[in-house]
1. Would it be correct to say that G262 is at positive phi and out of contact with any helix residue (DSSP H, G or I) (no Cβ under 7 Å at 6 or more places or on another chain)?
2. Quick one: in the stretch 78-96, which of the residues that are closer than 23 Å to A192 by Cβ and not in a strand (DSSP E or B) is least open to solvent (accessible area, probe 1.4 Å)?
3. Of A73, A34, which residue is of a type in the set (G, A, S), touching a helix residue (DSSP H, G or I) at 6+ places or on another chain (Cβ under 8 Å) and in contact (Cβ under 8 Å) with a residue 12 or more places away in the chain?
4. Taking the stretch 203-232 on its own, how many of its residues are farther than 15 Å from T294 by Cβ and open to solvent by 10 Å² or more (accessible area, probe 1.4 Å)?
5. Among (1) without any contact (Cβ under 8 Å) to a residue 40 or more places away in the chain; (2) of a type outside the set (D, E); (3) surrounded by 16 or more Cβ atoms within 10 Å (Cβ to Cβ); (4) in a helix (DSSP H, G or I), there is one condition G29 misses while meeting the rest; what is its number?
6. From the list A167, A206, which one is under 27 Å from I68 (Cβ atoms), part of a strand (DSSP E or B) and within 17 Å of the chain's Cα centre (by Cα)?
7. Out of the stretch 43-61, which residues are within 16 Å of R120 (Cα to Cα) and either assigned to a helix (DSSP H, G or I) or open to solvent by less than 60 Å² (accessible area, probe 1.4 Å) (or both)?
8. Select from the stretch 280-299 the residues that are free of Cβ contacts under 8 Å to residues at least 40 places away in the same chain and open to solvent by less than 20 Å² (accessible area, probe 1.4 Å) and list them in ascending order.
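The values are calculated or read from the model by the stated rules, or taken from the named source; none is laboratory data. Quick caveat, the model's predicted, so the values are computed rather than measured. Because the Cβ atoms are built from the backbone with ideal geometry, glycine has one as well, and the counts that use them run over all protein chains shown. Ligands, DNA and RNA are stripped out before the accessible areas are found, and what is left, the full protein with its side chains, is counted by its heavy atoms. Shrake-Rupley method; radii C 1.70, N 1.55, O 1.52, S 1.80 Å.
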Amino acid sequence: MKRKNSSDFDQTLLDLYDDYVHGRVDRRGFLERASRFAAGGLTVAALLEALAPNYAFAQQAAKDDKRIEIEYAEYSSPKGAGKMRGYLARPAAAAAKQPGIVVIHENRGLNPYIEDVTRRLAVAGFLAFAPDALFPLGGYPGDDDKGREIQAKRDPGQMTEDFIAAAQWLPQHPACTGRVGVVGFCFGGGMANTLAVRLPELVAAAVPFYGRQPAAEDVPKIKAALLLHYAGLDQRINEGWPAYEAALKKAGIRYTAHIYPGVNHGFHNDTTPRYDEAAAKLAWTRTIEFFNQTLRAGG
């Protein structure tokens, strides 16, 4: 199946789909409003299917890649769900310990895209760990729509504690140097900002992809270096950027921000038409370079 890209769809439809996947429009509302874009024998249901993730596209680091080792690992989250699980990937037969990176998924659980991102980090030489916020309710169900429904049932405060616990667990792993960074996407981008606020003595580097910004009064708590990726067409998230930038400057926080012109929220996710290859590759190259600079010796 050929991958479609954003140019195959009207931008208004892409914005409507963004509203749908973030719960501002329900499925019925999406289908009703998207009906005007159905033409040439294409049904509204087919439009939705074309916009939805196709995980056949989401594998840049194979599960059987000999350069890495993968497993599911459980950890304790006493202030959250109690027992949690995540996806752990690390360089194969690494003689030395590696920096740890917590990978935080979108608003639909630990799907194949996020597992692949975790493996990519292992290929790049990091110990990467991606918790699944859906684990207490049975885990990622294999379907993003169901995943969103399940994640919406979780208490937001408990979920935050689950990710905090993961960031505290990772540096204790025998293969970790003790240096920890965090990268997150969408919901996970906002959570990456939150961990930088909540764990200033632990999180050394944070990379939020199109994530909600913390409250201005919380910004001075951050001690991590920040690399912030924003999509140029993402008005919903970008409206919070000016206040965040002002607070970062006022507090003297180390940060670099990139706004990628002409791309949509979710541009790094290579399973949907919102994916932009050029912007995604550039952002990822910058991310790996940033983690190497901030988490390895001398960072």
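1. Numbers: at positive phi: yes; out of contact with any helix residue (DSSP H, G or I) (no Cβ under 7 Å at 6 or more places or on another chain): yes.
Considered against the rule, which asks whether it is at positive phi and out of contact with any helix residue (DSSP H, G or I) (no Cβ under 7 Å at 6 or more places or on another chain), G262 comes out as yes.
2. So, considering only residues that are closer than 23 Å to A192 by Cβ and not in a strand (DSSP E or B), the one least open to solvent (accessible area, probe 1.4 Å) is G80.
3. On the way: A73 fails: touching a helix residue (DSSP H, G or I) at 6+ places or on another chain (Cβ under 8 Å).
Sole residue among the options that is of a type in the set (G, A, S), touching a helix residue (DSSP H, G or I) at 6+ places or on another chain (Cβ under 8 Å) and in contact (Cβ under 8 Å) with a residue 12 or more places away in the chain: A34.
4. If we filter the stretch 203-232 for residues that are farther than 15 Å from T294 by Cβ, which is where we start, we get 209-221, 229-232.
Pick out the ones that are also open to solvent by 10 Å² or more (accessible area, probe 1.4 Å) and you get 212-218, 220-221, 232.
Counting residues in the stretch 203-232 that are farther than 15 Å from T294 by Cβ and open to solvent by 10 Å² or more (accessible area, probe 1.4 Å) gives 10.
5. G29 satisfies all of (1) without any contact (Cβ under 8 Å) to a residue 40 or more places away in the chain; (2) of a type outside the set (D, E); (3) surrounded by 16 or more Cβ atoms within 10 Å (Cβ to Cβ); (4) in a helix (DSSP H, G or I) except (3).
6. Numbers: A167 fails: part of a strand (DSSP E or B).
Result of the check over A167, A206: A206.
7. Let us first name the residues in the stretch 43-61 that are within 16 Å of R120 (Cα to Cα), namely 55, 57-61.
Residues satisfying the conditions are Y55, F57, A58, A61.
8. Once the filter is applied, which keeps residues that are free of Cβ contacts under 8 Å to residues at least 40 places away in the same chain and open to solvent by less than 20 Å² (accessible area, probe 1.4 Å), the stretch 280-299 yields only A280.
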